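Coordinate-derived values only; no laboratory data. Note that this is a predicted model, so its numbers are computed, not measured. Please note: Cβ atoms are built from the backbone with ideal geometry, for glycine as well, and neighbour counts cover all protein chains shown.
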Amino acid sequence: MTKVKTKKGPKIILAVASLLVVTILSLSIVRIVKNNPPKHKDYAIYLYGEEHGVAKINKKELALWDDFYHKQGMRHLFIESAYFDAAILNLWMQEEDDTRFEFLYDGWEGTLSHNKETRDFYFAFKESYPETIFHGTDVGHQHERAGQYYLDYLIDNGLENTEAYTLTLESIAQGEEFTKTGDLKYRESKMVSNFIREFDALDNEVIMGIYGSAHISKDFIAFFLGIEPMTIQLKKHYEPQNILIYAKELTRL
């Protein structure tokens, strides 16, 4: 009697597809649950995930900062930008004209940050929260432009032998490496180490941070690429020290 061979291909495809669906649903459920952290704790770090350049999210971020700024005296804002970008923003915050910001903004052309919503967002800080201090913890994107601009500023002002000069060179090197390799794990690890450096340099300050949601919790892409988001790594680093982190994705409001 001849045995009939069954085709395994469709069954394998169906099994893989089912596994993908289950994985995506599981990750979504975990993200929803974790996106509702308890509010009444003594947090030192408040991190919010955003979709870049979305007006309603920017509005919520400003409302959060307004509350922290006026009611809690918070002044340090961590952002998904390079060290030298934040340094240029801090110079701009102290000056009457907007030349430095316009330089940065022009360099954002072609990115999700080059729009009216983002522009208005930053001007709100200068107009309403002038004591805000930005901290950039990303790798040095636009290192050849903004990085060199800030390096030239430091040189022109005789500041070559300063920590700012050293950190600018470091940020530029990180940007060059990421541009060359496109290694997302490398970028995430540097965002973690840069964040730790900036936070640990403060004197018992409570801070707020704004980052893309992919850096707040693990999404489908991060899961399959094996990338542990910045916030998860920071929690592993700080919470054993009793430094608590509040993390929420504003994209899920």
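What to note about this one:
- Over segment 32-252, the pair-distance histogram of Cα-Cα distances with 5 Å bins from zero comes to 1, 6, 14, 19, 21, 18, 12, 6, 2, 0, 0 percent, rounded to whole numbers.
- Between Ala63 and Asn161, the modelled label-to-label distance comes to 5.1 nm, taking each label 7 Å out from Cα in the direction of the beta carbon.
- The charge dipole of segment 32-252, taken about its Cα centre with unit charges on the Cβ atoms of Lys, Arg (+1), Asp and Glu (-1) only, comes to about 1220 debye.
- For the pair Asn90 and Phe103 in one chain, pulling the backbone fully straight at 0.36 nm per residue adds 3.3 nm over the alpha carbon distance.
- Taking all C-alpha pairs of segment 61-161, those more than 20 Å from each other amount to 38 percent.
- Unit charges at the beta carbon, dipole of segment 32-252: most positive-side option, Ala63, Thr251, His52: Thr251
- Each residue, Arg197 and Tyr246, gets one label point 7 Å from its Cα in the Cβ direction; the gap between the two is 2.8 nm.
- Burial ranking of peptide ranges 76-83, 165-172 (average Cβ count within 10 Å, highest at the top): 76-83, 165-172
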